[in-house]
Amino acid sequence: MPRTTLPIVVGRLGRPGGRRLVLVGHVDVVPGRLYGRGACDMKGGVASIVAALRALVASGAAGRIDGEVVAAFVPSEEDGGQGMLAAIRAGVVGDAAVITEPTSLDVVVAHAGAITFRLVVPGRAAHASMRSEGVSALDNLYTLLRALEADERARNESETDPLMTALGLPYPTIVGKVEGGEWASTVLDRVVAEGRYGVRLGQKWRDGEADLRRCIDAACAADPFLRDHPAAVEITGGRFSSARVPADHPLPVSLTAATEAVLGRRPASVGKPYGADMRLLVNEGRTPTVIFGPGDVAVAHAADEFVPLDEVADCARVLARWVESELSAPQ
């Protein structure tokens, strides 16, 4: 998305020069009802970061920190991650990072990615009374949708990583917007469809784009009309690559231990089907990163979006415990 500014808020606690932990939240939200908008995605997680740092200061633990905690609140996550990328280029990287996106306080060690696409599907116009003389772009779109359904099925059935197979449909494809037609009694000669295409774990977004184009190219080549008048594929909006850290990496291991110590339960190490700023910290910032935060992503972007306040508090307690255990100076 075009931007004229990318305001980023960065706070620091401790002393530079030692180990550095990064706590990250994004402050942009998607459109929706004003009531509760962004409560889950991800104002609750941002509040947890602020509360954790405040607790470290109030308890005196901040004075024992041997290293630095950087809290970064960035814009533009929802439309592609420009805010996080700008923060990384400004030096917001470290030895480990936690993004407090909603995970119901489980530890996300892997996530898929996604790209948004536009299909411009041609047809041949004709008067409705002479329908057989035309070629409906809407029918041609249906041909491409069936190809995308088969592609989605094949890509998901070929996945073998337990983190992703546990999700059932880790790489969904969906068309969420269709526009076309100028008159009710005319055969459509052009339809524009916009949608989302999943990027598989281990793929960069360009790999996902290549998969999408292969699918559409093959479907066009197999259709008598589209063979000579192929649909155009455009990649629009955010481009989310996938990312992961090993489940036995010191970051998820230590955060799991802190969660268990504070909450009395062991959080699951899971994968998620959505893209996130995690992939920028991992792939561009070379910072091991996990996602851990309050709220259920199932209610994110919803009209009645909410976050349980007890989870916000629990997340803050876990983060404070984790920072203290990772950075406390030896006595």
Mind checking which residues of region 140-174 are crowded, with 16+ Cβ neighbours inside 10 Å, of a type outside the set (S, T, N, Q) and either touching a strand residue (DSSP E or B) at 6+ places or on another chain (Cβ under 6 Å) or closer than 19 Å to residue 230 by Cα (or both)? 141, 144, 145, 147, 148, 151, 152, 163, 164, 171, 172
Restricting the search to region 172-198, which residues are touching an Asp or Glu at 6+ places or on another chain (Cβ under 7 Å) and either of a type in the set (Ser, Thr, Tyr) or farther than 30 Å from residue 131 by Cβ (or both)? 172, 173
May I ask you to verify whether residue 273 is farther than 18 Å from residue 203 by Cβ, in contact (Cβ under 8 Å) with a residue 24 or more places away in the chain and not basic (Lys, Arg)? no
Of the residues that sit in region 65-84 and are part of a strand (DSSP E or B) and surrounded by fewer than 24 Cβ atoms within 10 Å (Cβ to Cβ), which one is farthest from the chain's Cα centre (by Cα)? 65
Sole residue being closer than 19 Å to residue 291 by Cβ and of a type in the set (A, V, I, L, M), chosen from 21, 6: 21
Sole miss for residue 5 among (1) of a type in the set (Val, Ile, Thr); (2) in contact with a strand residue (DSSP E or B) (Cβ under 9 Å, 6 or more places away or on another chain); (3) surrounded by fewer than 15 Cβ atoms within 10 Å (Cβ to Cβ) is condition (2)
When (1) buried (at least 20 other Cβ atoms within 10 Å of the Cβ); (2) in a helix (DSSP H, G or I); (3) of a type in the set (Asp, Glu) are applied to residue 305, the one that fails is (2)
Counted residues in region 210-255 being of a type in the set (Gly, Ala, Ser), over 15 Å from residue 119 (Cα atoms) and surrounded by fewer than 21 Cβ atoms within 10 Å (Cβ to Cβ) come to 5
If we take region 132-233, then helices (runs of 4 or more DSSP H) inside it with 1 or more residues that are at pLDDT 95 or above, more than 30 Å from residue 279 (Cβ to Cβ) and of a type in the set (Gly, Ala, Ser) are 137-157, 205-221
Just the residues that are closer than 13 Å to residue 111 by Cα and in contact with a helix residue (DSSP H, G or I) (Cβ under 7 Å, 6 or more places away or on another chain), please, taken from region 282-296. 289, 290, 291, 292
Within region 261-278, count every residue that is more than 16 Å from residue 72 (Cα to Cα) and assigned to a helix (DSSP H, G or I). 3
Of the residues 95, 151, which single one is among the charged types (D, E, K, R) and over 21 Å from residue 289 (Cβ atoms)? 151
Specify which of the listed residues (323, 282) is assigned to a helix (DSSP H, G or I), in contact with a Ser or Thr (Cβ under 6 Å, 6 or more places away or on another chain) and closer than 20 Å to residue 72 by Cα. 282
Sort through 87, 62 and tell me the only one that's outside any strand (DSSP E or B), under 22 Å from residue 205 (Cα atoms) and not assigned by TED's automatic domain parsing to the domain that holds residue 236. 87
Scan region 29-49 residue by residue and report those that are free of Cβ contacts under 8 Å to residues at least 60 places away in the same chain and buried (at least 16 other Cβ atoms within 10 Å of the Cβ). 29, 46
Which condition breaks for residue 93 when tested against (1) part of a loop (DSSP other than H, G, I, E, B); (2) surrounded by 22 or more Cβ atoms within 10 Å (Cβ to Cβ); (3) not acidic (Asp, Glu)? (2)
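The values are calculated or read from the model by the stated rules, or taken from the named source; none is laboratory data. Keep in mind that this is a model prediction, so the values were computed, not measured. Methodologically, a virtual Cβ is constructed for each residue, glycine included, from the backbone with ideal geometry; neighbour enumeration extends over all protein chains shown.
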